[in-house]
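The values are calculated or read from the model by the stated rules, or taken from the named source; none is laboratory data. Values in this document were obtained by computation on a predicted structure and should not be read as measured data. Quick reminder, even Gly has a Cβ in these numbers, built from the backbone with ideal geometry, and neighbours come from all protein chains shown. Quick note on the areas: whole protein, heavy atoms, side chains included, nothing else; ligands and nucleic acids left out. Shrake-Rupley method; radii C 1.70, N 1.55, O 1.52, S 1.80 Å.
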Amino acid sequence: QMVERGVVAVTLPFTGFGASQAPIITGAGIAYVTGSGNSAEELTAPNSFALTGGYPGNLGAFAQHAADQGIEKFVMVTIDVPSATQAAEALGGSVFDNAGVDYEVIAAAPGTPDLTPELQAAVDAGADAIGVTGDVTFCTSFLQAYQTLALDLTRYVIAPCIDPTVIESLGSVLDGSYVATPTSDAGEDAETYAAILDLYAGEEDIDPNPTISAGVAAGVGSVVNLARAMEGLTGEVTAETVLARMQEATDVPLFLGGGVTFTCDGSAIAMLPDVCSSTFQVGQVTADGTIENLEPVDFTELFAS
């Protein structure tokens, strides 16, 4: 329908259906601009632009940060769905190897209520750091198992784990976990985000901290970032001119990026030419869901081979 209606661009924060959506849109010569690319089609197809590294970026940031922290063995507990396990094993194995960190993936079925056996297996494998990849329910099971086993291992979580339901029930366990994010909760952009929520969603119960309301922030950001990339566009606005402008986007400030910029000429990550930024920020989650001590982590070199 988008192609038939002649849209000049498609922008979205993230999707689990990029493998089927992106080729139709990009094949019609329309710019497909996603905040976080997850499928191979979104990360490598012509006319697609992933403003941040998505899950591959998370893996790269975790690997580089773990290496910087002196971690020797990292075990990733992953929800057993193809898009997650394939990326965790193939890309994760590559970037952790390049970072010089021993790495292993332990997969568990979606909806597994008790991940204690998986975390115990990680401990038995000699892990001194563990990570989790999955949805909110999977994150909850992961943290419950961590608490049950009374573990004291460095832990890495992804954005879905910083959910109000998780914070309410397991905030004390989440506290101190590392998270990689393209989103900063400080600065002028954070103030702008709060003002947008107040103006357009004042009656909704949305936390103005973008690291907590990350899904909403990603949606806002997908629109703002496209607008920023289009600054300076002159003449008729068509699919061709928008596409050309995206290809020329250079050092554009990423909304809520805390100073991170995006450049869409394919140079950010050589093996993933659609990714426009190779920097995430890594910080520690507190019990109330805020993220402290955010520092940029550049993982470009980890994807060099």
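Taken as entire DSSP H runs, the helices of the chain that both span 20 Å or more between Cα atoms along their own long axis and average 1.0 or more on the Kyte-Doolittle scale are 214-229. A Stokes-Einstein calculation at 25 °C with viscosity 0.890 mPa s, built on the Kirkwood radius of the stretch 1-128 over Cα pairs, returns a diffusion coefficient of 151 µm²/s.
Its alpha carbons considered, the chain gives a radius of gyration followed by a Dmax of 19.1, 63 Å.
As an equivalent ellipsoid, the stretch 48-106 spans semi-axes of 19, 15, 8 angstrom, where each value is the square root of five times an eigenvalue of the C-alpha gyration tensor, largest first. As a calculated quantity, the FRET efficiency between residue 147 and residue 292 at R0 = 25 Å, using C-beta atoms, amounts to about 0.75. For the stretch 78-128, the percent of C-alpha pairs falling in each 10 Å distance bin, counted from 0 to the bin holding the largest distance, reads 24, 49, 26, 1.
Longest stretch of the chain clear of exposed loop sites (GluC sites (Glu not before Pro), DSSP loop, at most 16 other Cβ atoms within 10 Å, sites excluded): 73-202. Computed over the stretch 61-137, relative contact order equals 44 percent, with contacts defined as Cα pairs under 8 Å that lie 6+ residues apart.
Solvent exposure of the chain amounts to 43 Å² per residue of accessible area, where only protein heavy atoms count and the probe is 1.4 Å. As a fraction of the 1.4 Å probe accessible area of the chain, surface on carbon and sulfur atoms comes out at 51 percent.
Over the chain, DSSP H runs of length four or greater, each weighted -39,500 (n - 2.57), average out per residue to a 222 nm ellipticity of -11000 deg cm²/dmol.
Using the Cβ-Cβ distance between residue 172 and residue 251 with R0 set to 41 Å, the FRET efficiency works out to roughly 0.50.
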